[in-house]
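Below: one structure, written as structure tokens.
The values are calculated or read from the model by the stated rules, or taken from the named source; none is laboratory data. Small disclaimer: the values here were computed from a predicted structure and weren't measured. Backbone-built Cβ (ideal geometry, glycine too); neighbour counts: all protein chains shown.
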Amino acid sequence: MSAVPETASYDPRKVEAAAQKFWEDTRAFEVDESSDKPKFYCLSMLPYPSGALHMGHVRNYTIGDVISRYKRMMGYNVLQPMGWDAFGLPAENAAIKNKVAPARWTYRNIEHMRAQLKLLGYAIDWSREFATCTPDYYVHEQRMFVRLMRKGLAYRKNAVVNWDPVDQTVLANEQVIDGRGWRSGALVEKREIPQWFLRITDYAQELLDGLDDLPGWPEAVKTMQRNWIGRSEGLEIQFDVVDAEGRPQEPLVVFTTRPDTLMGVTFVSIAGEHPLAQKVAANNPELAAFLAELRKGGVSEAELETQEKRGMDTGLKAVHPITGEKVPVWVANFVLMGYGTGAVMAVPGHDQRDFEFASKYGLPKVQVIRLKSPRNEEEATWDPHTWRDWYGDKTREDLELVNSGEFDGLDYRGAFEALAERFERQGRGQRRVNYRLRDWGVSRQRYWGCPIPVIYCPRCGAVPVPEDQLPVLLPEDVEFTGVGSPIKTDPEWRKCKCPECGADAERETDTFDTFMESSWYYARYTSPKAREMVDRRGNYWLPVDQYIGGIEHAILHLMYFRFFHKLMRDARLVDSDEPAVNLLTQGMVIAETYYREAGNGAREWFNPADVEVERDERGRVVAARLRSDGLPVKIGPVEKMSKSKNNGVDPQAMVEKYGADTVRLFSMFAAPPEQSLEWNEAGVEGMARFLRRLWNQVHRHAEAGPAPALDVAALDAGQKALRRKTHETIAKVNDDYGKRYSFNTAIAAVMELSNALAKFDDASGQGRAVRQEALEAAVLLLNPITPHACHHLWQVLGHPETLLEDVPFPQPDPAALVRDAVTLAVQVNGKLRGTIEVAADAPREQIEALAKAEPNAAKYLEGLTVRKVIIVPGKIVNIVAN
């Protein structure tokens, strides 16, 4: 057995350093595929190397670590890897600010954050670590893209994007704030530029159906994905178009899920980018100016929904396919060319957006849906404001068509079928299933990303880079100013030869969206140094058994994550259909905020560590002052930790002050994983006190020498009670860890066991044997959460230095859980009046007699007649009397 310190004082720094050295020296958490144990792949979403861990990281990775360590103690071959999502815009921003190349900034941050993660003692297989910005990672991504190009699953087309004219780059919707670029502040333009896409829409139905096969994913996430995929059944209908002189133009095709409202169409709206709008604008300066105005602002659906409805009549007329009536064609700012056909049939009598537009521009509104049997005059009177009631649920059987000619009296389904049959027979329409999901635009006009492996030849067009010429390397030693991309401005980097005809050609200078790297990283962990993206080892580890990350990734990352897995499956790289069996979405870490108001109305926010507070008996802050000047500060709301509110807590500072185990313990105790965790340093101090108490209990016990062997048959009542408490705790923690990941209640159960130990005053041989068993159980039960202290305490309890993850997790002894006696609550007419203790197998008559004789209960029974006695076994005796 390795020597342990003689002193019982708890020094987290020494204890944690010793445990971490042991794990590193023994390569404790490196795993392979040769084990005969069942596999368990536990993965937390990889971090961006921003330079410092935040408390969200600590919570996320501690959750994964607790699960990983518990599963290994339960006999699994556990993989828990770590890597770095290293490309992306923040590195470019840092380069501008600090005048350092993005690569240098990134690699320096990785070094620092790796050291921080190791300080927290995570059971990570560091032999599988990678950064997504290295060529030996992104070469596989480039190879996959080349293959997808050849299969027609990757293609290039013009797309309308948010364009920042100062930074010369495309912005994501969330990077457009009040119509301006988030970094430059320039007015954003809508611009149509060539972009590369992956055909995720080819997998829309499979992505939708696959959600039904993921019972281990939160329903909220699955609902968000179903809504994002947005499957809808409807009709595609052709409207003929004529100009002001009646001359035929290109027809318009619209898709509608509500063909039953076709007779309510009073105009057709089209996108500003629609070819018909562009054609008219060529000879209409007023319309051309309006279209130019529409190009300003973002292209997000959220912005389209909230912005003022604006439009202009093109002068064109759409011919109604049933009545032949000519209705105006308007350009509207809420129609996007990238969604559907870029044309929408407007039914202002039953659609809120169309109603607002028609009201603004004086366009007609026609009722075409009514209640079959109105109960009163109010229900019989059509009011445009009630369109929601009559349009929102197409399955309602109490609705029928009106003002619809031959279709009057039909319900939604009847009208759908009649119109579908008519248009299909005439060749003017067809049934279609549409999806809200759009193809994934993967190109970005940024430097710090994976180069897209395409060559542009004046003769051959866009040609994929041959696989034997991959990777296309991104130069790392560059000067970055933020205006334009270094690879776009470097003619030498762009120059190359066409691989098909040998002519002079140029490389693609766009780089991949960083979602590309994070869509397949989980698979690369399974196959380190593999020549392909994934090798046969992938099928051993995949799918991921437990994936952990924030619900903010529910749509984009998790959708692309699932899509890319199917691409790898179809490329025969993996056998499974889905990348992860179970998903846990952890809550945010929130903290108090404090501020002072400046003279101009702005707020200056102060970090909670710099504020001294007064709390009431419930722990609520009632007063606060800044430590530096002693003057009051205002108490703000409890919010997510953020730089803007200056309420972040530095994990490294907390580890240095309290130790990693205490920080881990608080992170798991303060709230269940799915809920928000409110950071409270008083709570951290409470966890530190608990750890010290357990530390002292173990050391005091060990100082008295080795405990004798436990003789279960020789235990007295007190010893049996403590042993029962030990095994009840074991059963509880197994249930909390294994079924619900309810770590806070597991910790509370071990705390209760520690309290029972503090009250157990029995220094006899069997008393010490029962205490030894209880302390060993407490150490093993807490090991997944506080592994450093437990590593030490296990040795103090007389065991050789070993990896506790290879010690089987405690299991309850059924015999120890049997109670000789039970305590029953005694009620009189449903009100608690006392308790009694009876033998576990006491007969009913004895229980009744003891309950009636309980002194307080007897007092309330005086003068009453007992009518009946209700006994809930093991819990309650209720005496009913009057």
Self-check item: Test result for Asp36, out of contact with any strand residue (DSSP E or B) (no Cβ under 7 Å at 6 or more places or on another chain), in contact (Cβ under 8 Å) with a residue 24 or more places away in the chain and charged (D, E, K, R)
Solution: no
Quiz item: Quick one: which of Ala717, Ala702 is modelled with pLDDT under 95, of a type in the set (A, V, I, L, M) and in the same structural domain as Leu797 (by TED's automatic domain parsing)?
Solution: Ala717
Quiz item: Pick from Met82, Met113: which is closer than 30 Å to Asp477 by Cα, at pLDDT 95 or above, part of a loop (DSSP other than H, G, I, E, B) and within 23 Å of the chain's Cα centre (by Cα)?
Solution: Met82
Practice problem: Could you grab the pairs with beta carbons closer than 9 Å, sequence gap of 6+ or different chains, first residue in segment 612-640 and touching a residue at least 24 places away in the same chain (Cβ under 8 Å) and in a loop (DSSP other than H, G, I, E, B), second one among the β-branched types (Val, Ile, Thr) and surrounded by 10 or more Cβ atoms within 10 Å (Cβ to Cβ)? | Solution: Val633/Val611; Gly636/Thr593; Pro637/Thr593; Val638/Ile590; Val638/Thr593
Quiz item: What do you reckon, is Lys657 among the charged types (D, E, K, R), at negative phi and surrounded by 20 or more Cβ atoms within 10 Å (Cβ to Cβ)?
Solution: no
Exercise. Test Ala774 against the criterion of being farther than 28 Å from Phe29 by Cβ, within 40 Å of the chain's Cα centre (by Cα) and part of a helix (DSSP H, G or I), and give yes or no.
Key: yes
Self-check item: Unique match (being at pLDDT below 95, under 30 Å from Phe743 (Cα atoms) and not aliphatic (A, V, I, L, M)) among Gly51, Gly75, Gly88, Gly121
Solution: Gly51
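Without any contact (Cβ under 8 Å) to a residue 60 or more places away in the chain, touching a helix residue (DSSP H, G or I) at 6+ places or on another chain (Cβ under 7 Å) and either farther than 24 Å from Gly311 by Cβ or not assigned by TED's automatic domain parsing to the domain that holds Lys190 (or both): is that true of Glu286 in this structure?
no
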Quiz item: If you check Ala571, Ala503, Ala598, Ala591, which single one turns out to be touching a residue at least 24 places away in the same chain (Cβ under 8 Å) and either within 30 Å of Val622 (Cα to Cα) or under 17 Å from the mean Cα position of the chain (by Cα) (or both)?
Solution: Ala591
Exercise. Among residues belonging to segment 191-235 that are assigned to a strand (DSSP E or B) and touching a Leu at 6+ places or on another chain (Cβ under 7 Å), point out the one that is surrounded by the fewest Cβ atoms within 10 Å (Cβ to Cβ).
Key: Gly216
Quiz item: In segment 548-590, what count of residues is obtained for those that are surrounded by 20 or more Cβ atoms within 10 Å (Cβ to Cβ) and of a type in the set (S, T, N, Q)?
Solution: 1
Quiz item: Out of segment 450-462, which residues are surrounded by fewer than 20 Cβ atoms within 10 Å (Cβ to Cβ) and in a strand (DSSP E or B)?
Solution: Tyr456, Cys457, Gly461, Ala462
Self-check item: Residue check, Phe423 in contact with a helix residue (DSSP H, G or I) (Cβ under 8 Å, 6 or more places away or on another chain) and surrounded by 21 or more Cβ atoms within 10 Å (Cβ to Cβ)
Solution: no
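Scan segment 398-416 for residues that are part of a helix (DSSP H, G or I) and closer than 19 Å to Leu235 by Cα and jot them down. Steps first, please.
Quick first cut of segment 398-416, residues part of a helix (DSSP H, G or I) only: 405-407, 412-416.
Answer for segment 398-416, where residues must be part of a helix (DSSP H, G or I) and closer than 19 Å to Leu235 by Cα: Glu406, Phe407, Tyr412, Arg413, Gly414, Ala415, Phe416.
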Quiz item: Can you spot a residue in segment 146-160 that is closer than 16 Å to Gln445 by Cα, in contact with a Lys or Arg (Cβ under 9 Å, 6 or more places away or on another chain) and in a helix (DSSP H, G or I)?
Solution: no
Quiz item: If you scan segment 36-73, which residues turn out to be under 23 Å from Glu805 (Cα atoms), among the aromatic types (Phe, Trp, Tyr) and under 16 Å from the mean Cα position of the chain (by Cα)?
Solution: Tyr61
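Take the residues in segment 173-187 that are touching a helix residue (DSSP H, G or I) at 6+ places or on another chain (Cβ under 9 Å) and of a type outside the set (D, E, K, R); name whichever of them is surrounded by the fewest Cβ atoms within 10 Å (Cβ to Cβ).
Asn173
Condition check: loosely packed, with under 14 Cβ neighbours inside 10 Å, farther than 30 Å from Tyr737 by Cα, modelled with pLDDT under 95 and of a type in the set (Ser, Thr, Tyr). Does Thr823 satisfy that?
no
What number of residues within segment 319-342 are aromatic (Phe, Trp, Tyr) and either closer than 19 Å to Gly246 by Cβ or modelled with pLDDT of 95 or more (or both)? Spell out the reasoning first.
Taking segment 319-342 as the starting set, the residues that turn out to be aromatic (Phe, Trp, Tyr) are 330, 334, 339.
From what is left, the residues that are either closer than 19 Å to Gly246 by Cβ or modelled with pLDDT of 95 or more (or both) are 330.
Summing the residues that are aromatic (Phe, Trp, Tyr) and either closer than 19 Å to Gly246 by Cβ or modelled with pLDDT of 95 or more (or both) in segment 319-342 gives 1.
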Exercise. Quick one: which strands (runs of 3 or more DSSP E) lie wholly within segment 484-601 and hold at least 2 residues that are over 30 Å from Arg740 (Cα atoms)?
Key: 495-497, 504-507, 594-597
Quiz item: Can you spot a residue in segment 11-29 that is surrounded by fewer than 21 Cβ atoms within 10 Å (Cβ to Cβ), of a type in the set (Val, Ile, Thr) and at pLDDT below 95?
Solution: no
Quiz item: Does Gly362 qualify as being at pLDDT 90 or above and exposed (fewer than 13 other Cβ atoms within 10 Å of the Cβ)?
Solution: yes
Quiz item: Quick one: which of Asp513, Asp545 is more than 18 Å from Ser34 (Cα to Cα), buried (at least 16 other Cβ atoms within 10 Å of the Cβ), touching a Ser or Thr at 6+ places or on another chain (Cβ under 9 Å) and acidic (Asp, Glu)?
Solution: Asp513
Quiz item: What number goes with the only condition from (1) β-branched (Val, Ile, Thr); (2) assigned to a strand (DSSP E or B); (3) at pLDDT below 90 that Val254 does not pass?
Solution: (3)
Practice problem: Would you please name the residue that is surrounded by the fewest Cβ atoms within 10 Å (Cβ to Cβ), looking only at residues in segment 403-420 that are more than 46 Å from the chain's Cα centre (by Cα) and within 15 Å of Thr323 (Cα to Cα)? | Solution: Gly405
Self-check item: Whichever residue in segment 565-609 is out of contact with any strand residue (DSSP E or B) (no Cβ under 8 Å at 6 or more places or on another chain) and of a type in the set (Gly, Ala, Ser) and, among such residues, is nearest to Met45 (Cα to Cα)
Solution: Ser576
